[in-house]
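The values are calculated or read from the model by the stated rules, or taken from the named source; none is laboratory data. Fair warning: this is a prediction, and the values are worked out from it, not measured in the lab. FYI the Cβ positions are ideal-geometry reconstructions off the backbone, even for glycines, and counts take in every protein chain you see. Just so you know, the surface numbers come from the protein's heavy atoms only, side chains and all, with ligands and any DNA or RNA stripped out. Shrake-Rupley method; radii C 1.70, N 1.55, O 1.52, S 1.80 Å.
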Amino acid sequence: MVNVTIDGIKTSVPDGSTILQAAQEVGIRIPTLCAHPDQSVKANCRVCVCEVEGNRLLQAACSQPVFEGMVVKTKSPKVIEARQTILELILSNHPQDCLNCIRNGNCELQDLAKEYCIRENPFEMKTRGLPKDFSTPAIFRDPNKCVLCRRCVETCSIVQGVGALGLLNRGHNAMVVPSMGQNLADSPCVMCGQCIHACPVGAIGEVEYIDQLIAAIADPDTIVVTQMAPAVRVAVGEEVGMEIGEMPMDKLVAALRQIGFDYVLHTNFTADLTILEEGNELLKRLTTGGKLPMFTSCSPGWINFCETYYPDLLENLSTCKSPQQMFGSLVKTYWADKMNIEPKKIFSVSIMPCTAKKFEASRPEMNSSGYQDVDIVLTTRELGRLLRMSGINFDKIEPSSFDSWMGAYTGAAVIFGASGGVMEAALRTVYEVVMKEELKDVNFTVTRGIQGIKEAEVDLNGTVVKVAIANGLANARKLMDQVRAGESPYHFIEIMACPGGCIGGGGQPITKSNLKREQRIAGIYVEDEQCAIRKSHENPEVKIIYEEFLKEPLGHKSHELLHTHYHAKNKKLI
Amino acid sequence: MSYKEILASYKDVPGGMIEAFHAIQGQYSYLPEETIIEAARVFNLPVAKAYEVATFYSMFSVNTRGKNVIRICESAPCHVAGAADVVAALERELGIKMGESTSDGKFALELTECVGQCQATPVITVNGKVYLDVTPAKIPDILAEYK
Ligand code: SF4
Ligand code: SF4
Ligand code: SF4
Ligand code: FES
Ligand code: FES
């Protein structure tokens, strides 16, 4: 331990702590811009400078380790003035665009400018004048707003193992660019959106589709139908000032109706359906010598990744579409029929924790209903904007429930939102199908939690099925390299592109730290516990769709509507 | 040697990518796109990272440029000693602006940081060969060596 004095407060902290960490211990907040709680030290913005006694130069608190007897001043006039100058310099290269910016009100640079009372900037204003990159349907980049903190670069390369982003040049000419300085669409970007969470400012964001939604709602001939993923409810409250997990589902449904959706359905319905299809696909592969291990296929960022980096393993991917796309093809066929609505009048809107789902919906093969199956995808953040725009008061709003035929769901669907959830849901069903007996305890807790790679075994009538779960694509790489080398001991592997699973998806409320991801995971299991039915095959509406329409899992209709195929991306700049 | 052979020969050398880029640039006078993509493959890095290396050092260029690369030091000592006049003379003589290449593909004009010859400023280099105490009057003779 090392004894230090910070702003007159004496404390002792572990060896190797930084000034920033020591200050946090005693409840003193030092401003930061490039520092990130889950990342390596960058020390490139200098916003965190402090005075250290005996040192003429100010020290960066995020990188400077403490030493015995160190005396630090974090808010002396000299420090405040230096931070103001540093901010003025950063802002002199930054577009003054807050009013139009996707991060207005949720931006680390804007907050700092506010805290340090930046008014008139003495430095000459000089922005980069570069075009925005809207080359993908999911993620945009505005290089003019980049403050060069490099947090996105670390996320993309270290957390996601993609490496789509890097630096160009150095010094005052430096910029963050996708591979070879090309558009994001030409880079290996898988559209996971994790860089959006990493970015302190509005230099990266989701491509918004709010205007298209409002136009559809305005058109009296269009029937606007929505589905919503399980990870949305647990997080969307954060957008309207609630605690994690606090948003009540029935009030959220009511709010969606107030926004103007004609019908409110749930992706959870097709999550349950996915379990029936995917569970049976697994059993079929196990009994008929199909390609193993089988990989889950509900995370479109992961699909992009597999198509980019592991095209030789595409046959291992389950052919099941993601729940979003199963929903899309059914809403314009089965549901339209049930409701007696012309499919071409349906505008199908999906609300997702995910940015990659925007891309998935735009894939040319996703039109098995004869129309584009999902018309637009909104993220949880866009839903938050809609809720605020509509001025919804959650204290007053009368609860409402989901519409019929594709609105019922079980706890097994709810847990799709957390890493390990698809695996647990599948095991709940596969166990009962194989063993023909009731599963006493539905909780497979080994599959739960935020750790990067988890593994488990289940004994099904003497056959030991080995499963593994990875979240975050750098972790997926480890399991994939094993499979490629022919050394994988597993039968079934669940992969979610985003750390923690969909609750940490690229479209969720801005999530700077992993702590928040863990809290949302907890919220997911609370909701599962509260469900009366917790096994997908017991979903009453799923039973009906098989009786009346699909007939059987993996049947002819399923193949037409619920399954898909994959293509190697053959990207040059990987 | 083809660029693939060059890269392969540096595969296991520490700092091999930078060395290989030097060797490739010696042949092509810049780093063509395919050489950076191949370098990423050989050294098992993302293309974005190889590009980062290729653009970090001012001695590498990722743009096509003339065969003979003339660099003028723009650091303070050279600047004070009249580097701007040398630049103007070069621009006039070659009929191009700083950063451009001549249309016959013979010369490229670039700025560089201090090359460590501050005792005899201004300094220019042509393909790495250093010329000291350069004045506008010396430019035609220097260029003639490469025509
Ligand atoms: S990134 Fe932040 S500071 Fe910059 S324009 Fe957007 S809100 Fe304002
Ligand atoms: S969206 Fe994902 S893959 Fe694309 S640049 Fe961002 S972190 Fe990398
Ligand atoms: S894009 Fe955002 S996260 Fe990436 S370096 Fe720029 S400011 Fe930082
Ligand atoms: S936060 Fe310390 S240098 Fe950026
Ligand atoms: S300043 Fe030009 S060589 Fe040193």
Would you please calculate the Kirkwood hydrodynamic radius of segment B:3-56 over all C-alpha pairs and express it in Å, rounded to one decimal?
10.6 Å
Could you list log10 I(q)/I(0) for segment A:69-124 at q = 0.22 Å⁻¹, which the Debye formula gives when each Cα is one point scatterer?
-0.88
Could you give the radius of gyration (one decimal) and Dmax (whole number) of the Cα atoms in segment A:17-168, in Å?
17.0, 54
For segment A:124-189, diffusion coefficient by Stokes-Einstein and Kirkwood Rh (Cα), 37 °C, 0.692 mPa s, µm²/s
264 µm²/s
Starting from 0.36 nm per residue, how many nanometres of slack lie between residue A:75 and residue A:287 once their C-alpha separation is accounted for?
69.5 nm
Over segment B:35-117: Kirkwood hydrodynamic radius from C-alpha pairwise inverse distances, Å
14.4 Å
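Which translational diffusion coefficient, to the nearest whole µm²/s, is obtained for segment A:211-562 from the Stokes-Einstein equation, given a Kirkwood hydrodynamic radius over C-alpha pairs, 25 °C and 0.890 mPa s?
122 µm²/s
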Angle check, please: helix A:267-288 long axis (alpha carbons) against the longest principal axis of chain A (alpha carbons), in degrees 0 to 90, nearest 10.
70 degrees
Cα gyration tensor of segment A:286-328 - equivalent ellipsoid semi-axes, whole Å, descending
19, 15, 6
Order the peptides A:204-216, A:155-167, A:548-560 from the highest to the lowest mean number of other Cβ atoms within 10 Å of their residues.
A:155-167, A:204-216, A:548-560
Give me the distance between the Cα centres of segment A:496-574 and segment A:146-202, rounded to whole Å.
28 Å
Accessible area per residue, Å², segment A:2-90 with all protein chains present, probe 1.4 Å:
49 Å²
J(HN,Hα) series, segment A:437-445, from Karplus relation 6.51 cos²θ - 1.76 cosθ + 1.60, nearest Hz, glycine and proline x:
9, 6, 7, 5, 10, 6, 7, 9, 5
Isolated cysteines for chain B, Cβ-Cβ cutoff 4.7 Å, are B:114, B:118
Estimated dipole of chain B in Debye, rounded to 20 [Cβ of Lys and Arg +1, of Asp and Glu -1, Cα centre]
160 debye
Evaluate Rg over Rh across segment A:259-414, taking Cα atoms for both radii and Kirkwood's formula for Rh.
1.00
Gap in Å between the Cα centre of segment A:345-361 and the Cα centre of segment A:33-85?
44 Å
So the pair-distance distribution of segment A:523-569, from every Cα-Cα distance in 10 Å bins, comes to percents of 22, 34, 26, 18, 1
Roughly speaking, what % of Cα-Cα pairs in segment A:2-90 are separated by over 14 Å, rounded to a whole number?
60 percent
In order through segment A:544-558: 3J(HN,Hα) via Karplus (6.51 cos²θ - 1.76 cosθ + 1.60), integer Hz, x for Gly, Pro
5, 5, 6, 5, 8, 10, 7, 6, 8, x, 6, x, 4, 5, 4
Protein accessible surface hidden between A and B, which excludes ligands and nucleic acids, total in Å², probe 1.4 Å
1300 Å²
How large is Rg over Rh for the protein assembly as shown, taking Rg from the Cα atoms and Rh as the Kirkwood inverse mean of 1/r across Cα pairs?
1.03
Which one of A:510, A:542, A:522 is farthest out on the positive end of the charge dipole of segment A:475-565, using unit charges on Cβ (Lys, Arg +1; Asp, Glu -1) and the Cα centre as origin?
A:510
Would you mind giving the average projected area, over all directions, of the Cα convex hull of segment A:287-369 in nm² with one decimal?
7.0 nm²
Could you let me know the centre-to-centre spacing of segment A:233-295 and segment B:101-147, using Cα atoms, in angstrom?
66 Å
At 15 Å minimum axial length over the Cα atoms and a Kyte-Doolittle cut of 0.5, report the qualifying DSSP H helices in chain B, or say none.
B:83-94
Cα extents of chain B along the principal axes, largest first, in whole Å, come to 48, 32, 23
With Cα coordinates, the longest principal axis of chain A makes an angle with the long axis of helix A:421-435, in degrees rounded to 10, of 30 degrees
Segment A:362-461 - Kirkwood radius from inverse mean 1/r over Cα pairs (Å)
17.8 Å
If you line up the long axis of helix A:249-259 against the longest principal axis of chain A, both from Cα atoms, how many degrees apart are they, to the nearest 10?
80 degrees
Segment A:233-298: radius of gyration over Cα atoms, expressed as a fraction of 2.2 N^0.38 Å:
1.68
Taking every DSSP bridge whose two residues both lie in chain A, the antiparallel percent to the nearest 5 is 55 percent
Which value, in debye to the nearest 20, gives the size of the charge dipole of the protein assembly as shown about its Cα centre, when Lys and Arg are +1 and Asp and Glu are -1 at the Cβ?
1160 debye
For segment A:172-314, the Cα gyration tensor yields equivalent-ellipsoid semi-axes (√(5λ), largest first, whole Å) of 31, 29, 16
So what is the calculated 222 nm ellipticity per residue for chain A, using -39500 (n - 2.57) for each DSSP H run with n of 4 or more, over all residues, to the nearest 500 deg cm²/dmol?
-9500 deg cm²/dmol
Of the beta bridges DSSP finds with both residues in segment A:449-550, what % are antiparallel, to the nearest 5?
60 percent
Can you give the net charge of the other residues whose Cβ lies under 9 Å from the Cβ of residue A:166, counting K and R as +1 and D and E as -1?
0
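Taking every DSSP beta bridge with both residues inside segment B:1-131, roughly what % is antiparallel (nearest 5)? All intermediate terms of the calculation are to be shown ahead of the outcome.
On the way: 7 of 13 bridges.
Rounded to the nearest five, the antiparallel share is 55 percent.
Got the relative contact order for segment A:2-90 handy, in percent, Cα pairs under 8 Å and 6 or more residues apart?
35 percent
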Can you give the log10 of the normalised intensity I(q)/I(0) at q = 0.24 Å⁻¹, computed with Debye over equal Cα scatterers of segment A:435-527?
-1.22
Peptide A:164-172: average number of partner chain Cβ atoms within 10 Å per residue?
5
